[in-house]
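J.: Take a look at this one; I'll ask things after.
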Amino acid sequence: MLPTFPKIIALRAEANEACVKAMVRELAPQFGMIKHNIQFEGSGHSITRADDTVSHTELEGVSGEVGVKRGSPLSEFTPDVVDEHLANIARQIAEGSTKQFYKVMERATREAGMVIDAKGGPATEGLILDALDRMEHTFDEDGTWNPPTIIAPKHVVELFAGKDMSPEGQARLAEILERKRNDFRRRQAGRVLAG
């Protein structure tokens, strides 16, 4: 039996992990947009909001696995086979992470009263405008709107951006954004700066 080389094994493990992470980002691009932190201990975390409400989130594990028959000859582990195993793990992690992501987002939006139910129907202009009206928005110093990040089919994203809206919809969007711009300026003016 050949000896093991711990440094080579560690380098290969790092390369495999980097490969899986890159594939997960490709399969579930929403995770690349979210800031994250590493939690070393505990089984969950809590957020205390400005209105003193507290939201608890339990951590849930997401994993991927592949089976390798015991005693398989080393010659079966070609680069293509290893890549296939890594891709399979990445798919499982992307699917599990996406499922967890939507579960947490669903709960958070319900708790915040931000759910707009289309009752199985399509995303209409009116529903999109109602959603934008419920959201808090941010603006640049010159008053330019910073649209929210939308994870949805392309036609829904274009509706949110106002590209495919009717003239009436665009007028309502302009009214909503003017009101939200004023709200944003009031919030900014009311901030207490730490010195």
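J.: Of the residues PHE101, PHE40, which is farther than 22 Å from ALA15 by Cα, assigned to a loop (DSSP other than H, G, I, E, B) and of a type outside the set (Val, Ile, Thr)?
T.: PHE40
J.: Among (1) in contact with a strand residue (DSSP E or B) (Cβ under 7 Å, 6 or more places away or on another chain); (2) among the polar types (S, T, N, Q); (3) modelled with pLDDT of 85 or more, where does SER63 come up short?
T.: (1)
J.: Let me ask you something else. Just the residues that are surrounded by fewer than 12 Cβ atoms within 10 Å (Cβ to Cβ) and in contact (Cβ under 8 Å) with a residue 60 or more places away in the chain, please, taken from the range 127-171.
T.: Hit for the range 127-171 is THR149, nothing else.
J.: While we're on this one: Taking the range 62-98 as the search range and keeping residues that are under 18 Å from HIS36 (Cβ atoms) and part of a loop (DSSP other than H, G, I, E, B), which one is nearest to the chain's Cα centre (by Cα)?
T.: VAL62
J.: Still on this structure: Just checking, which of GLU141, GLU106 is closer than 22 Å to PHE31 by Cα, at pLDDT 85 or above and acidic (Asp, Glu)?
T.: Of the residues listed, the single one that is closer than 22 Å to PHE31 by Cα, at pLDDT 85 or above and acidic (Asp, Glu) is GLU106.
J.: Residues to consider are ARG107, ARG70, ARG12; find the one that is charged (D, E, K, R) and closer than 28 Å to ALA152 by Cα.
T.: After ruling out the rest, the residue left standing is ARG107.
Residues are listed down the side, and each one gets a yes or a no for (1) under 25 Å from GLN100 (Cα atoms); (2) part of a helix (DSSP H, G or I); (3) in the same structural domain as GLU60 (by TED's automatic domain parsing):
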| position | (1), (2), (3) |
| --- | --- |
| ALA10 | no, yes, yes |
| ASN16 | yes, yes, yes |
| VAL20 | yes, yes, yes |
| VAL24 | yes, yes, yes |
| ILE47 | yes, no, yes |
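J.: Also: Taking into account only those residues within the range 172-191 that are of a type in the set (A, V, I, L, M, F, W, C) and surrounded by 11 or more Cβ atoms within 10 Å (Cβ to Cβ), which is farthest from LEU127 (Cα to Cα)?
T.: PHE184
The values are calculated or read from the model by the stated rules, or taken from the named source; none is laboratory data. Only a predicted model underlies this, so the values are computations on that prediction, with no experimental measurement involved. Every residue, glycine among them, receives a Cβ derived from its backbone with ideal geometry; neighbour counts consider all protein chains shown.
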